[in-house]
Amino acid sequence: MFWQKDIETISRRALEELQLIRLKQTVRQAYKNIPFYKESFSKLHIAPKDITSLKDIQKLPFTTREDLREHYPFGMLAVPKEQVIRLHTSSGTTGKPKAIFFSKKDVDRAAELIARCLIMTGIKKDDVLQNMMTYGLFTGALVMHYGAEKVGVLVIPAGPGNTKRQIALMQDFRTTTLHVTPSYALYLASVIHNEGLDPKKDLFLRRAYMGSEPYSEETRIKIETSLGIDVYNSYGLSEMNGPGVAFECMEKNGMHLWEDNFIMELIDPDTGEKVPAGEKGELVLTTLYREAMPILRYRTRDIVTIIPGKCRCGRTHRRISRIIGRSDDMIIIRGVNIFPQQIERVLMGIKAVAQNYQIVLEAYDQMTVRVEISRNLFDGKVDHLVNLQNEITEKLRSEILVKPKVELLEPGALPVSEGKATRVIDKRTL
Ligand code: ADP
Ligand code: ZN
């Protein structure tokens, strides 16, 4: 099933022709209307006319988060204010936020991309989507909401939290589809089971769209088996509309990135050079089809690989892997580079581990992994706990090559997050 079959299955050649036309337009528009770009072009001694092929994108300046922050609030806007109909800000953790503007066309185009994503997973008009992302300044909930409405499914704007009410909504309105963060999905699944519900019998769930923070294949499997559903990975960032940048099809093997709307490059985060084909690198995105706020070569900080070969679903837009990590949340312990997702993958592969964990970095490069385990392991037999603690420590050590301290906790001991989970607590900088 396709939403826009022609464009989703377009030949690579036609796609590249379209990309070049749109890239030239975008560059002209950015240069003409955004002083920041005009200045960066002149520093690099380039002008829009120097872009004559897709390769020439490498001549263009990068745009960083700091650039967006520096030009907050209106500095990156390319149209008169009266053409803007929506503002979002990014959930940036420190300093000024980033303002993201949408014109009427931008709102509609973002919804079109979501519609492609949803149809790609087999959703139909009689499906019911419970949107558990935070409504408000974040893009996550609203962009999905508009896209789902475009498809014509019933959207329940539940927002996150209030888990018992979520479950009641799911029962009363026969929710088939969830839009949820992985950390909340794990919590939700545990509450459903604790309430004595059998998701396969007592609920109507078929699928979940899960994204906005990194998670591993093990977490996907944990949620799929615990709720009896298919989980599709969903990738996006506010700077590029929010959700709908890349999404998994029913093959569940990498996320198709909509290349008629975005040009992707993979670079070495340290040198800025293009990485060789097949290698992992930082995803850099250029908008191709945005009116209010074109962005050139945006450094996402997200590390991915491109999945080689054609997808069996027939879509020609290339697929990116699960996000391997963010170049800026890499932990360095005794000189070893570690991504929190490596730790998550190990933990979620161990049956006794419940849904929540936390990584605490302490002085002298000591790392403690605090992990909630199933309640029935606190049966008074200390050797059960010691064995489990040793097993977890050993498995982590062989994955990350550093021996962490492992602390076992009862379920519920760690704070539950409704939005993005805070997994790493760095006390070294406090
Ligand atoms: P912020 O960068 O301030 O957190 P966003 O809320 O826009 O702003 O978050 C976008 C980021 O969330 C992405 O750059 C990426 O790191 C992360 N993210 C989004 N979707 C996924 C996903 N499916 N898997 C892993 N990480 C994701
Ligand atoms: Zn596919």
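The values are calculated or read from the model by the stated rules, or taken from the named source; none is laboratory data. Every value quoted in this text rests on a predicted model; they were computed, and no experiment measured them. Here the Cβ is made from the backbone with ideal geometry for all residues, glycine too, and neighbour counts use every protein chain on show. Protein only, heavy atoms only, side chains kept; ligands, DNA and RNA dropped before computing areas. Shrake-Rupley method; radii C 1.70, N 1.55, O 1.52, S 1.80 Å.
Give me the distance between the Cα centres of segment 122-158 and segment 1-78, rounded to whole Å. Distance between centres, Cα-based: 29 Å. Applying the Karplus relation 6.51 cos²θ - 1.76 cosθ + 1.60 with θ = phi - 60° to segment 236-249 yields 3J(HN,Hα) values of x, 8, 3, 4, 10, 5, x, x, x, 6, 9, 8, 7, 8 Hz, where x marks Gly and Pro. Of the accessible area of segment 160-256, computed with a 1.4 Å probe over protein heavy atoms only, carbon and sulfur atoms account for 47 percent. FRET efficiency for the I21 to I221 pair, using the beta carbon distance and R₀ = 56 Å, is estimated at 0.85. Seen against the Cα atoms of the chain and their longest principal axis, helix 382-400 is set at about 30 degrees. Whole-Hz Karplus values for segment 17-24 come out as 4, 5, 4, 5, 4, 6, 5, 4 Hz, taken residue by residue from phi with 6.51 cos²θ - 1.76 cosθ + 1.60 and θ = phi - 60°; glycine and proline positions read x.
Could you tell me the calculated FRET efficiency between K164 and F74, based on Cβ-Cβ distance and R0 = 56 angstrom, to the nearest 0.05? After rounding, the FRET efficiency stands at 0.85.
Distance cut-off 28 Å, Cα to Cα: go down the list K274/K420; K222/K395; K164/K420; K24/K125; K125/K280; K105/K274 and report the pairs above it.
Working: K274/K420 30 Å; K222/K395 18 Å; K164/K420 20 Å; K24/K125 37 Å; K125/K280 38 Å; K105/K274 32 Å.
Too far apart for the 28 Å limit: K274/K420; K24/K125; K125/K280; K105/K274.
Both radii were evaluated on the Cα set of the chain; the Rg over Rh quotient, with Rh as the Kirkwood radius, amounts to 0.98.
Beyond 18 Å, what share of the Cα-Cα pairs of segment 277-430 remains, rounded to the nearest whole percent? Please list the in-between numbers first.
Details: 7912 of 11781 pairs.
Summing the P(r) of segment 277-430 above 18 Å gives 67 percent of all pairs.
Relative contact order of segment 264-342: what whole-number percent is it, with Cα pairs under 8 angstrom and at least 6 residues apart?
Details: 130 pairs, mean separation 17.0, N = 79.
Relative contact order for segment 264-342 comes out at 21 percent.
Placing a label point 7 Å from the Cα of T422 along the Cα-to-Cβ direction, the residues of segment 352-373 whose backbone N falls under 13 Å of that point are 358-361. As a length-normalised measure over Cα pairs under 8 Å and 6 or more apart, the relative contact order of the chain settles at 14 percent. With all pairs of separate Cα atoms included, segment 1-120 yields a Kirkwood hydrodynamic radius of 16.6 Å.
Given a 1.4 angstrom probe, I'd like the percentage of the accessible area of segment 24-145 that is carbon and sulfur, rounded to a whole number. Walk me through the numbers on the way to the answer.
On the way: 3230 of 5790 Å².
With neighbouring chains kept in place, the figure for segment 24-145 is 56 percent.
Please compute the per residue accessible area over the chain with all protein chains in place, 1.4 Å probe, rounded to a whole number of Å².
Numbers: 19340 Å² over 430 residues.
That works out to 45 Å² per residue.
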